[in-house]
Amino acid sequence: MLKFIIKKLLQMIPMLLVISLLVFIGLELTGIDPLSYMVSPDMAGSAENLERLREQMGLNDPLFTRYFRWVSEMLRGDFGYSIVSGTPISQIIAVRIPATIELALLALVFSTIIGVGIGIVSAIKQNGIIDYVGRVFAVVGQSIPQFFFGIILIQIFAVSMGWFPVGQRISPGGNWSRIQHLVLPVTTLTLSMCAVLMRYARNTMLDVMNSDYIKTARSKGIPEWKVIIKHGFRNAMRPVLVIICFRLPMLIGGSVVIESVFSWPGIGTIIASSVIAGDMPVIMVTTLMVAASILVASFLVDVFTALLDPRVRLGD
Amino acid sequence: MNEKDIVLSVKNLNTSFISDRKEIKIVKNVSLDLKRATTLAIVGESGCGKSVTVHSIVKLMPKNARVKADYILYNQKRGDKITEFDLSKLEPYGKEMRALRGPDIGMVFQDPMSSLNPVYKVGDQVAEGLLEHNPKMSKEEAKEQVLAMFRELGIPDPENRINDFPYQFSGGMKQRVVIALAMICNPEIIIADEPTTALDVTIQAQIMELMKSLQTEKNKSIILITHNMGLVAEMADEVCVMYMGRIVEFGTLEHIFNNPSHPYTKALLRSVPVLGMEEGRLLETIPGITPNPAELKEGCEFADRCPDCRDECRKGTIPAFEVEPGHKVRCLNFNSFKEVD
Ligand SMILES: Nc1ncnc2c1ncn2[C@@H]1O[C@H](COP(=O)(O)OP(=O)(O)O)[C@@H](O)[C@H]1O
Ligand code: SF4
Ligand SMILES: [Mg+2]
């Protein structure tokens with residue numbers, strides 16, 4: 001298993017390199033003067049000064065030399081500067097990433113527990129009350145857009161009832177206030193993700209429970225809960241985990257909507273504003289991060305699948 | 001023969017499936033008795049309801065199934081003590097029914113490819129039932145028993161193979177694992193649903209011999225579902241011939257082979273290879289196709305394909321007639337004999 005994990009990790013390196021190369025070439029093609037994002041704008045001086053700087057910094061070197069320099073700088077944590085605000089990108093990210101990850105992970109955990117839980121129960125008690133309610137909820141949940149749902153929640157629980165703050169992440173008041181700020185965005189994300197997951201988990205579990213090996217398990221006379229957990233659930237989890245893992249990059253890259261609705265200071269808002277402002281360096285780095293999160297997700301899928309399925313673990 | 005020597009007695013089993021809000025009858029008024037320490041074969045074309053019949057008996061049915069029976073009596077024998085269970089009254093996955101699955105009734109399912117859980121080691125899957133029914137047994141003891149069973153079934157290198165996963169086994173080897181799984185708790189009744197279809201002929205013979213010797217040495221009883229008449233001839237004491245959910249002929253092996261009476265049985269015997277059949281004799285196919293169970297009309301189910309069909313065959317339900325003691329035929333050709341049910 002350890003060998004498998006190391007192998008998968010090593011496989012990620014060339015992929016990351018390829019992606020970063022594509023991103024770098026993309027940056028080249030935009031024709032933006034690299035100096036403008038390598039040097040903080042207020043430090044820039046006269047034209048000769050800049051030309052000297054250019055020579056000194058090796059900006060007249062061939063593309064690949066510069067690419068490798070860029071990569072090695074990023075490896076050391078130097079991501080360049082935003083051309084709009086002049087702030088180092090590493091600083092922007094350091095502030096924004098925790099906010100996005102916090103939201104994403106909480107929503108992921110809750111939607112997984114609730115979605116998978118209700119899905120499995122709906123499958124075992126097919127056409128029962130929970131199955132029925134779940135079906136209605138899924139239709140409603142899939143047809144209401146996330147932003148609309150978020151606005152409704154804000155309207156009801158923040159504006160009318162005043163139970164929760166309207167937006168932003170932290171206002172003075174410590175941990176309690178932090179949780180208060182999290183409730184509405186996490187609820188919105190969780191519910192909208194639950195809808196799909198629930199039905200998927202249910203259908204997968206139904207398929208598994210109708211398979212021949214479940215009948216075999218029952219023919220041994222083991223209790224039904226063992227049949228469900230040991231033989232059913234474990235097999236149903238394989239496809240469900242794939243969906244859950246790939247939620248992660250979707251949550252990080254696609255957090256734009258939810259972060260805008262809740263004025264959540266995460267990566268999503270940065271991606272949105274940098275695209276609007278044409279802040280290429282920031283776009284490049286965030287793109288790279290989203291790509292990296294997709295790689296991480298597929299790595300997690302590989303590991304979970306291997307843990308659950310001997311054919312993957314022991315094969316080839 | 002004492003009535004308690006009937007280990008399993010099924011009376012008027014009816015099974016239907018609900019699909020698209022319609023109820024389709026698949027098994028109709030099936031009654032059968034399995035005598036202790038004998039083998040009962042169930043034969044018939046595929047789709048006639050053999051698997052559904054035995055799954056209904058052991059109550060392993062999908063949710064869209066409706067099973068009714070006057071009774072399904074199982075007479076459990078422990079030493080001299082005989083306890084009677086009516087399976088039709090038990091909860092399918094309740095405690096009592098579960099206690100019988102494994103130590104009393106072992107099932108070999110039809111498709112070995114999909115009958116094993118892909119994510120567990122085969123040894124553990126076979127041991128699971130053993131450990132469930134013998135709570136005091138240690139894992140080591142269970143492993144020893146599994147190894148012994150694998151050896152008996154001719155699985156090579158069992159010490160290593162018990163740690164393999166199903167995907168690492170060939171079809172034939174999987175089939176043996178499935179058989180091991182059914183036999184590991186030493187059940188009174190083994191229900192084997194086409195247990196050897198995935199095996200080549202010599203292996204088939206080996207496995208069947210093993211089951212047969214188990215049956216004779218340990219007084220076990222077997223219900224064997226098969227297409228293979230050679231296997232029937234070798235294994236069975238009694239034979240049920242099924243057509244479209246009904247038992248159309250029942251008798252001892254001699255009755256069925258020497259005096260096949262129902263037109264379907266005769267056609268069936270002409271259409272499948274029988275051991276010792278004269279060289280060069282051509283196999284016939286049964287004319288016509290199996291009707292769709294949803295579209296069956298009243299009267300004899302075989303009417304459309306039967307060479308002897310006449311008007312009264314199309315009406316009502318055809319009763320069974322006893323053409324000689326213990327030999328029953330569901331066909332109006334024999335209505336001069338005593339009607340039985
Ligand atoms: N779960 C089910 N739902 C609906 N119909 C079924 C189901 N299982 C079996 N059947 C139908 O029952 C009939 C008999 O099937 P089966 O007992 O498997 O035949 P066989 O004699 O080959 O074992 C078939 O027509 C099949 O389509
Ligand atoms: S009852 Fe009539 S149709 Fe049916 S098998 Fe006998 S002769 Fe043929
Ligand atoms: Mg079958």
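The values are calculated or read from the model by the stated rules, or taken from the named source; none is laboratory data. Remember, it's a predicted structure, so these values are computed and weren't measured experimentally. Quick reminder, even Gly has a Cβ in these numbers, built from the backbone with ideal geometry, and neighbours come from all protein chains shown. Accessible surface areas use protein heavy atoms only, side chains included; no ligands, DNA or RNA. Shrake-Rupley method; radii C 1.70, N 1.55, O 1.52, S 1.80 Å.
One table, with the values for the structure above:
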quantity	calculated
Pick from the range B:4-33, criterion more than 15 Å from ligand 1 (Cβ to nearest atom) and not in a strand (DSSP E or B), ranking: modelled with the highest pLDDT	B:D5
Residue that is least open to solvent (accessible area, probe 1.4 Å) [pool: residues in the range B:151-160 that are at pLDDT 90 or above, away from every other protein chain (no Cβ under 14 Å) and part of a helix (DSSP H, G or I)]	B:P158
Total residues in the range B:51-73, condition touching an Asp or Glu at 6+ places or on another chain (Cβ under 7 Å) and over 22 Å from A:L206 (Cβ atoms)	4
Filter result (among the basic types (K, R), open to solvent by 30 Å² or more (accessible area, probe 1.4 Å) and out of contact with any helix residue (DSSP H, G or I) (no Cβ under 8 Å at 6 or more places or on another chain)) within the range B:1-52	B:K4, B:K11, B:R21
Enumerated strands (runs of 3 or more DSSP E) restricted to the range B:207-255, each holding at least 1 residues that are away from ligand 2 (no atom under 16 Å from the Cβ) and open to solvent by 10 Å² or more (accessible area, probe 1.4 Å)	B:238-243, B:246-252
Residue that is farthest from ligand 2 (Cβ to nearest atom) [pool: residues in the range B:62-91 that are open to solvent by 30 Å² or more (accessible area, probe 1.4 Å) and within 14 Å of chain A (Cβ to nearest Cβ)]	B:E91
Unmet criterion (only one of (1) open to solvent by 10 Å² or more (accessible area, probe 1.4 Å); (2) within 14 Å of another protein chain (Cβ to nearest Cβ)) for A:G232	(1)
Some residue of the range A:129-147 being within 14 Å of chain B (Cβ to nearest Cβ), surrounded by 14 or more Cβ atoms within 10 Å (Cβ to Cβ) and closer than 24 Å to A:I228 by Cβ	yes
Matching residues, the range A:274-297, being open to solvent by 40 Å² or more (accessible area, probe 1.4 Å) and touching a Pro at 6+ places or on another chain (Cβ under 9 Å)	A:I294, A:V296
Out of B:E194, B:E209, B:E217, sole residue that is over 29 Å from A:L314 (Cα atoms) and within 14 Å of chain A (Cβ to nearest Cβ)	B:E194
Of residues in the range B:94-113 being under 21 Å from the mean Cα position of the chain (by Cα) and without any contact (Cβ under 8 Å) to a residue 60 or more places away in the chain, the one nearest to B:N163 (Cα to Cα)	B:D111
Answer residue from the range B:37-61, given it is more than 16 Å from ligand 2 (Cβ to nearest atom) and among the small types (G, A, S) and is nearest to the other protein chains (Cβ to nearest Cβ) among those	B:S51
Output for the range B:282-341, where each listed residue is within 16 Å of ligand 1 (Cβ to nearest atom) and assigned to a loop (DSSP other than H, G, I, E, B)	B:I286, B:I289, B:T290, B:P291, B:N292, B:L296, B:E301, B:F302
Pairs, first touching a residue at least 24 places away in the same chain (Cβ under 8 Å) in the range B:114-139, second open to solvent by 20 Å² or more (accessible area, probe 1.4 Å) and small (G, A, S), C-beta under 8 Å, six or more apart	B:H133/B:A99
Test: residue in the range B:116-139 that is open to solvent by 10 Å² or more (accessible area, probe 1.4 Å), acidic (D, E) and part of a loop (DSSP other than H, G, I, E, B)	no
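Condition check ((1) on the phi < 0 side of the Ramachandran plot; (2) out of contact with any Pro (no Cβ under 7 Å at 6 or more places or on another chain); (3) among the charged types (D, E, K, R); (4) away from ligand 1 (no atom under 16 Å from the Cβ)) across all residues:
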{"position": "B:K35", "(1), (2), (3), (4)": "yes, yes, yes, yes"}
{"position": "B:T38", "(1), (2), (3), (4)": "yes, yes, no, yes"}
{"position": "B:G47", "(1), (2), (3), (4)": "no, yes, no, no"}
{"position": "B:T53", "(1), (2), (3), (4)": "yes, yes, no, no"}
{"position": "B:R66", "(1), (2), (3), (4)": "yes, yes, yes, no"}
{"position": "B:Q76", "(1), (2), (3), (4)": "yes, yes, no, yes"}
{"position": "B:I82", "(1), (2), (3), (4)": "yes, yes, no, yes"}
{"position": "B:S88", "(1), (2), (3), (4)": "yes, yes, no, yes"}
{"position": "B:M97", "(1), (2), (3), (4)": "yes, yes, no, yes"}
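Here is a yes/no grid of residues against (1) under 25 Å from B:F17 (Cβ atoms); (2) hydrophobic (A, V, I, L, M, F, W, C):
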site	(1), (2)
B:E45	yes, no
B:G49	yes, no
B:Y74	yes, no
B:D86	yes, no
B:Y93	yes, no
B:M113	yes, yes
B:N117	no, no
